1. Need the failing condition index for residue 100 against (1) crowded, with 16+ Cβ neighbours inside 10 Å; (2) under 30 Å from residue 147 (Cβ atoms); (3) of a type in the set (Ser, Thr, Tyr), just the number.
2. Being without any contact (Cβ under 8 Å) to a residue 40 or more places away in the chain, out of contact with any His (no Cβ under 7 Å at 6 or more places or on another chain) and either open to solvent by less than 40 Å² (accessible area, probe 1.4 Å) or more than 22 Å from residue 36 (Cβ to Cβ) (or both) narrows it down to one residue among 124, 135; which is it?
3. Tell me whether region 103-110 contains one or more residues that are more than 16 Å from residue 184 (Cα to Cα), outside any strand (DSSP E or B) and touching a residue at least 12 places away in the same chain (Cβ under 8 Å).
4. Taking the conditions exactly as written (at pLDDT 85 or above and surrounded by 13 or more Cβ atoms within 10 Å (Cβ to Cβ)), does residue 51 satisfy them or not?
5. Right, residue 18: surrounded by fewer than 17 Cβ atoms within 10 Å (Cβ to Cβ), at pLDDT below 95, under 25 Å from residue 131 (Cβ atoms) and of a type outside the set (Gly, Ala, Ser) or not?
6. Can you run down the residue pairs with Cβ atoms below 6 Å, 6 or more apart or on separate chains, where the first is in region 81-102 and under 23 Å from residue 115 (Cα atoms) and the partner is surrounded by 17 or more Cβ atoms within 10 Å (Cβ to Cβ) and of a type in the set (Phe, Trp, Tyr)?
7. Name the residue, out of 95, 157, that is at pLDDT 95 or above, within 16 Å of residue 46 (Cα to Cα) and either aromatic (Phe, Trp, Tyr) or in contact with a strand residue (DSSP E or B) (Cβ under 6 Å, 6 or more places away or on another chain) (or both).
8. So, residue 94, is that one of a type outside the set (D, E, K, R), within 29 Å of residue 188 (Cα to Cα) and in contact with a Phe, Trp or Tyr (Cβ under 8 Å, 6 or more places away or on another chain) or not?
Amino acid sequence: MKRKVITAVAILISITVNAQWEVGLGAGAALPITRYKEVLKTGWLLKADGQYRFKSGKFALGMKAHLTRLQKDNNPNDQFQNARMTIAPLLFTAEWTIPTKGNLQPYLTGGLGISFFNLNYEVSPGDGKTVFNVSFTMMPEAGLRYKASENLFPFIETSLVVLADGPPIGFPKSSKATGYNAITAGVVYKFKK
């Protein structure tokens with residue numbers, strides 16, 4: 001039993017010593033899908049993430065956060081006049097980098113977490129309402145990184161952020177899942193060992 005514990009501790013220490021920490025920042029466009037698209041137009045987003053990359057370099061675990069703002073009303077004839085929505089997903093992620101030769105590194109990511117959203121709208125001029133809620137969130141993502149140096153990796157990626165609880169009550173088909181497609185570009189910094 002002692003040997004198994006000592007072996008497990010040695011493996012964990014080895015993984016910790018050889019792992020790489022990474023942080024990334026990006027910005028881009030948020031294109032609402034399904035129910036959100038019927039009320040709101042394309043918006044913008046900011047992205048921050050941190051990852052722990054394992055020794056092989058192919059697998060990483062981390063966290064990702066978006067700050068998304070959909071601030072243009074898509075349908076002036078619905079009950080949501082001058083609609084503005086802020087969505088802030090906080091996701092735990094697992095990434096797999098597809099092995100390639102050269103400096104281009106394609107990758108796939110999956111994320112699970114929660115999203116906070118805040119919807120402001122007017123029911124009549126001067127009479128506004130605000131809806132705040134939290135929703136379970138899923139996110140598949142695909143991207144491409146370029147190894148500019150040992151530490152800097154510019155990237156471009158697309159993700160589909162899906163809020164499982166659906167949009168606020170009153171949106172078309174509000175019982176169905178919805179979300180947005182994020183297209184972001186930015187840079188990842190990998191800390192030296």
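1. (1)
2. Working: 124 fails: without any contact (Cβ under 8 Å) to a residue 40 or more places away in the chain.
Criteria check complete, one pass: 135.
3. Yes, the conditions are met somewhere in region 103-110.
4. Working: at pLDDT 85 or above: yes; surrounded by 13 or more Cβ atoms within 10 Å (Cβ to Cβ): yes.
Spelling it out, residue 51 is indeed at pLDDT 85 or above and surrounded by 13 or more Cβ atoms within 10 Å (Cβ to Cβ).
5. Details: surrounded by fewer than 17 Cβ atoms within 10 Å (Cβ to Cβ): yes; at pLDDT below 95: yes; under 25 Å from residue 131 (Cβ atoms): no; of a type outside the set (Gly, Ala, Ser): yes.
Criteria not met by residue 18.
6. 83/121; 87/117; 95/107
7. Details: 95 fails: within 16 Å of residue 46 (Cα to Cα).
The unique qualifying residue is 157.
8. On the way: of a type outside the set (D, E, K, R): yes; within 29 Å of residue 188 (Cα to Cα): yes; in contact with a Phe, Trp or Tyr (Cβ under 8 Å, 6 or more places away or on another chain): yes.
Considered against the rule, which asks whether it is of a type outside the set (D, E, K, R), within 29 Å of residue 188 (Cα to Cα) and in contact with a Phe, Trp or Tyr (Cβ under 8 Å, 6 or more places away or on another chain), residue 94 comes out as yes.
The values are calculated or read from the model by the stated rules, or taken from the named source; none is laboratory data. A quick note: this is a predicted structure, and the numbers were derived from the prediction, not measured. When we count neighbours, we look across all protein chains shown, and the Cβ atoms used for this are built from the backbone with ideal geometry, even at glycine. Ligands, DNA and RNA are excluded from the accessible area calculation, which covers all protein heavy atoms including side chains. Shrake-Rupley method; radii C 1.70, N 1.55, O 1.52, S 1.80 Å.
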